[in-house]
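Quick notes on the structure that follows.
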Amino acid sequence: MTMSGVLAGVALLTNSIPILIGAMVIAPALTPLELVSAGLAANRFDRAGFGAKVALVGLLAATAGAIVTTVTLNTTGVLPPAENLIDKPLLEQRITAGWFSVVAAAAAGIAAGVTTDRERQDTLVGVVAALALVPAAAAAGITLLSRAPARASGGLLLLVLNAGMVVITGTVTLWLGARGDREADTAN
């Protein structure tokens, strides 16, 4: 997650979509959130709590990676500090919560729930979940260092919203899948 944060930081600071995609591909962000959803759906709150702790540590690592990257680029003069927020459309998108991000996070949660329910792992679903999480964590870290640190709250809000949507929709999907399985067993 730290390296994902480093890549996300570079991507957001340079407005590079390919690097941001790379950051999401390597981020193991989905597994802990799947554990939260599965734990909640099965009333195993110890598992859900463990998944939440792992997710929090991972997202903090991604944020730290982006912060260290920003400080390094600023200190070495590769990117002047004043440039952190100015004319960075990709960064601006990740510190503003909007319906598009909520819908993407909900879709990621549903897809995660379906793959978990079917006991298969799908890397692309993990990339979609990382799309909802890692850039927001990195953007929050970067904006903390900018001339507008209050804007970091937008990245944090987006991160919390997205993580919540992934967990909620994943939990509901798993719960509905288990309910459907129970009804099918009862019918048989």
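The values are calculated or read from the model by the stated rules, or taken from the named source; none is laboratory data. Remember, it's a predicted structure, so these values are computed and weren't measured experimentally. With ideal geometry, Cβ positions are generated from the backbone for all residues, glycine too; neighbour counts draw on all protein chains shown. Side chains are part of the model used for accessible areas, which takes the heavy atoms of the whole protein and leaves out ligands, DNA and RNA. Shrake-Rupley method; radii C 1.70, N 1.55, O 1.52, S 1.80 Å.
Do we find a residue being β-branched (Val, Ile, Thr), touching a residue at least 12 places away in the same chain (Cβ under 8 Å), in contact with a helix residue (DSSP H, G or I) (Cβ under 6 Å, 6 or more places away or on another chain) and open to solvent by 20 Å² or more (accessible area, probe 1.4 Å) anywhere in segment 125-145? If you could, list the steps in order and put the result at the bottom.
Let us first name the residues in segment 125-145 that are β-branched (Val, Ile, Thr), namely 125, 127-128, 134, 142-143.
Among the residues that remain, those that are also touching a residue at least 12 places away in the same chain (Cβ under 8 Å) are: 125, 127-128, 134, 142-143.
When the remaining residues are screened for being in contact with a helix residue (DSSP H, G or I) (Cβ under 6 Å, 6 or more places away or on another chain), the result is 125, 127-128, 134, 142-143.
Applying the additional criterion that residues be open to solvent by 20 Å² or more (accessible area, probe 1.4 Å) yields 127-128.
Yes, there is a match, as at least one residue in segment 125-145 is β-branched (Val, Ile, Thr), touching a residue at least 12 places away in the same chain (Cβ under 8 Å), in contact with a helix residue (DSSP H, G or I) (Cβ under 6 Å, 6 or more places away or on another chain) and open to solvent by 20 Å² or more (accessible area, probe 1.4 Å).
Taking the conditions exactly as written (assigned to a helix (DSSP H, G or I) and touching a helix residue (DSSP H, G or I) at 6+ places or on another chain (Cβ under 8 Å)), does residue 73 satisfy them or not? It would help to see each step written out before you state the result.
On the way: assigned to a helix (DSSP H, G or I): yes; touching a helix residue (DSSP H, G or I) at 6+ places or on another chain (Cβ under 8 Å): yes.
Yes; evaluated as a whole, the condition is true for this residue.
Conditions first: (1) surrounded by 14 or more Cβ atoms within 10 Å (Cβ to Cβ); (2) touching a residue at least 12 places away in the same chain (Cβ under 8 Å); (3) out of contact with any helix residue (DSSP H, G or I) (no Cβ under 8 Å at 6 or more places or on another chain). Residue 9 passes all but one, so which condition is the exception?
(3)
Check residue 41 against each of (1) out of contact with any Phe, Trp or Tyr (no Cβ under 6 Å at 6 or more places or on another chain); (2) touching a residue at least 60 places away in the same chain (Cβ under 8 Å) and name the one condition it does not meet.
Checking residue 41 against (1) out of contact with any Phe, Trp or Tyr (no Cβ under 6 Å at 6 or more places or on another chain); (2) touching a residue at least 60 places away in the same chain (Cβ under 8 Å), the one that fails is (1).
Consider residue 163 carefully, then state whether it is part of a helix (DSSP H, G or I), of a type outside the set (Lys, Arg) and open to solvent by 10 Å² or more (accessible area, probe 1.4 Å).
Working: part of a helix (DSSP H, G or I): yes; of a type outside the set (Lys, Arg): yes; open to solvent by 10 Å² or more (accessible area, probe 1.4 Å): yes.
Taking the combined requirement at face value, the residue satisfies it.
Quick test for you: out of 115, 96, pick the one residue that is of a type outside the set (D, E, K, R), in a loop (DSSP other than H, G, I, E, B) and at pLDDT below 90. Outline the logic, then answer.
Numbers: 115 fails: in a loop (DSSP other than H, G, I, E, B).
After ruling out the rest, the residue left standing is 96.
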